[in-house]
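Novice: Here it is: the structure, laid out below.
The values are calculated or read from the model by the stated rules, or taken from the named source; none is laboratory data. Since we're looking at a predicted model, the values are computed, not measured. Backbone-built Cβ (ideal geometry, glycine too); neighbour counts: all protein chains shown.
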Amino acid sequence: MILSRMGVVYEMEESKALVLTPEGEFVVVKRQNHMLPGQQIIFDDKDMYNEKKWINKYTAIASAAAAVFIAVFLLMGFFNSDDVYCFVNIDINPSFEFLLDSEYKVIEAKAINNDAKILLDNMEINQKPMKDVFLDLIKKSIDFEFIDAKTQDVILFSAALNEEGFNMKRNKDEQNILEFIESMDDLVAEFNDEFNILVKALKVTAKEREEALENNISMGKYSLYLKVREINKDINLEDVENMSISELVGVLNNMDREEETDLMETSEGEKTPEPIKTPEQAATPEAVQTPEIPSTTLPEDTISPLPTMEPIEVSDTPPIIDVTSTPKRQEVASNSLKIQYYCEDDNIEPQTIDYSFRILNTSDSVVELKDVKVRYYFKDDTNIPLDLFVYFFSHGNESEVYGEFYKLPEKVNANKYLELRFMTGKIEPGEFVYVQGAIYRKDWSRFDQRDDYSFNADADSYIDWDKMTAYISDVLAWGIEPN
């Protein structure tokens, strides 16, 4: 593994730069065109000159200069990792890593391979917006024939938040980074006639980025490798590393199509399930909070948007409805929806149960979200009132997602479930809808998730999860209900 180091450019010559590290050490590195005096950079051993002569002339002043220099930069926060808001990798086959601030301006750029160095040496990028740098990279890649404008090449754009900078505004950061990633895809689409390329844009978790660094591969490629490995256990990292981005995305798409075909063939042999019962059709429910069963019509009092992790205030705590039997199902168009679950918090005894997920429309038709319900199953043996908040909804305002709690007796690993409904939006074929939120008790006491039906502590990226269920017009479309 190649270890990266950090420093500040102290002096520059034609082909080299003198860099001062936080430890007070002067080192000589190969100069890049984007370097400026006083700029913070990241480098590793292969970027360094083994040159003592230039360093020696600073020996007499090194201690004093280092003390003053470091004090100034520490005061200004130059060595504070919180300055880095997110990391971006761009794989064109030249591969790059960029460190961005909270305004998505480039703090530092790093070439992951030699071809990338050629491009960076011919660009000015310091403090430029990422969108400008991205377009410049594409144009330069066409000029240097890394991209063939006659064929439709694929560029991989991946981004990961800086975990060290996270605090209570994490939820808003998650929303912002998703919007930023989507904006890069939209940006390239505007120039599609000129570029003739496709962008594969994805969000990478901090854990995936860390593992990518350990394996000396871009985090975007590593994330795709994990997705391919879910389908084909025999593939190894070296195979993926040697593939072009177009080849890798092609392999993933082919595997997805094969998996969908297998699922459709399996579904054809299943028994025709019976219709799902609404709470009114089930045995007479016994309300825990109130004697009335809520209407299937969405109430006017809905959840307010949540700017931070503070709980949303609602007019009435969602009642827990007693469902005496698991709703039955009837046949629905095969492979129409898929739930992918992401465990934001793998704590076994948390104060909130995170139910973050995304819905994929795997059909050829548009699905209206108002017809969709999603259920998350869990255990809760207390009578303490439950509530929920939604802190991100990719297809509208958070207040347009509404939830109710139901009792589910005589089940081993779930005695309650949260049912989420949507007031607006639609899912185009092949499109994802993201929802992030959490369940909490009114007294903020802790849950025990160790045997909850829908909980999976190992889901550190979005994975297919059939222990959450999805319904279209009250018909089971995805998942397995608890026995």
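Novice: Could you give me the residue pairs with C-beta distances under 6 Å whose first residue belongs to the range 6-21 and is outside the structural domain of Tyr49 (by TED's automatic domain parsing) and among the charged types (D, E, K, R), whose second residue is assigned to a strand (DSSP E or B) and crowded, with 16+ Cβ neighbours inside 10 Å wherever it lies, and which are 6+ apart or on separate chains?
Specialist: Note: no pairs meet the criteria.
Novice: Please enumerate the residues belonging to the range 91-146 that are part of a strand (DSSP E or B) and free of Cβ contacts under 8 Å to residues at least 24 places away in the same chain.
Specialist: Start the filter on the range 91-146 by keeping residues that are part of a strand (DSSP E or B), which leaves 91, 95-100, 105-111, 129.
Answer for the range 91-146, where residues must be part of a strand (DSSP E or B) and free of Cβ contacts under 8 Å to residues at least 24 places away in the same chain: just Ala111.
Novice: While we're on this one: Mind checking whether some residue in the range 80-92 is in contact with a Ser or Thr (Cβ under 8 Å, 6 or more places away or on another chain), within 20 Å of Asn176 (Cβ to Cβ) and either among the hydroxyl-bearing types (Ser, Thr, Tyr) or modelled with pLDDT under 90 (or both)?
Specialist: Within the range 80-92, one or more residues are in contact with a Ser or Thr (Cβ under 8 Å, 6 or more places away or on another chain), within 20 Å of Asn176 (Cβ to Cβ) and either among the hydroxyl-bearing types (Ser, Thr, Tyr) or modelled with pLDDT under 90 (or both).
Novice: Quickly run through the range 216-255 and pick out the residues that are under 21 Å from Asn162 (Cα atoms) and over 20 Å from the mean Cα position of the chain (by Cα).
Specialist: Step one: of the range 216-255, the residues under 21 Å from Asn162 (Cα atoms) are 216-224, 226.
The one that is under 21 Å from Asn162 (Cα atoms) and over 20 Å from the mean Cα position of the chain (by Cα): Asn216.
Novice: Moving on to the next point. In the range 253-263, is there at least one residue being at pLDDT below 85 and crowded, with 17+ Cβ neighbours inside 10 Å?
Specialist: Restricting attention to the range 253-263, the residues satisfying the condition of being at pLDDT below 85 are 253-263.
With crowded, with 17+ Cβ neighbours inside 10 Å added as a condition, the list becomes none.
No - not one qualifying residue is present in the range 253-263.
Novice: Then there's this: Quick test of your reading of the structure: Phe180 fulfils all but one of (1) assigned to a helix (DSSP H, G or I); (2) in contact with a His (Cβ under 8 Å, 6 or more places away or on another chain); (3) not polar (S, T, N, Q). Name the failing condition by number.
Specialist: (2)
Novice: Another question, then. Do any residues in the range 384-400 that are more than 9 Å from Tyr440 (Cα to Cα) have Cβ atoms under 7 Å from those of residues that are of a type in the set (Asp, Glu), where the two are at least six apart or on different chains, and which pairs are they?
Specialist: Hits for this filter: Ile384/Asp443; Val390/Glu398; Tyr391/Glu398; Phe392/Glu174; Phe392/Glu398; Phe393/Glu400.
Novice: Another question, if that's okay. Quick test of your reading of the structure: Thr382 fulfils all but one of (1) crowded, with 16+ Cβ neighbours inside 10 Å; (2) farther than 28 Å from Leu224 by Cα. Name the failing condition by number.
Specialist: (1)
Novice: Can you pull out the residues in the range 439-483 that are of a type in the set (Lys, Arg) and at pLDDT below 95? Show your work before the answer.
Specialist: Taking the range 439-483 as the starting set, the residues that turn out to be of a type in the set (Lys, Arg) are 441-442, 446, 450, 467.
Listed by number, the residues that qualify are Arg441, Lys442, Arg446, Arg450.
Novice: Does Ile155 qualify as being in contact (Cβ under 8 Å) with a residue 60 or more places away in the chain and assigned to a loop (DSSP other than H, G, I, E, B)? Let's see the steps before the verdict.
Specialist: Details: in contact (Cβ under 8 Å) with a residue 60 or more places away in the chain: yes; assigned to a loop (DSSP other than H, G, I, E, B): no.
No; evaluated as a whole, the condition is false for this residue.
Novice: Let me ask you something else. Quick check on my filter: what residues within the range 405-464 are assigned to a strand (DSSP E or B) and among the basic types (Lys, Arg)? Working first, answer last.
Specialist: To start, the set of residues in the range 405-464 that are assigned to a strand (DSSP E or B) comprises 405-407, 416-422, 426-427, 432-441, 463-464.
Once the filter is applied, which keeps residues that are assigned to a strand (DSSP E or B) and among the basic types (Lys, Arg), the range 405-464 yields Lys407, Lys416, Arg421, Lys426, Arg441.
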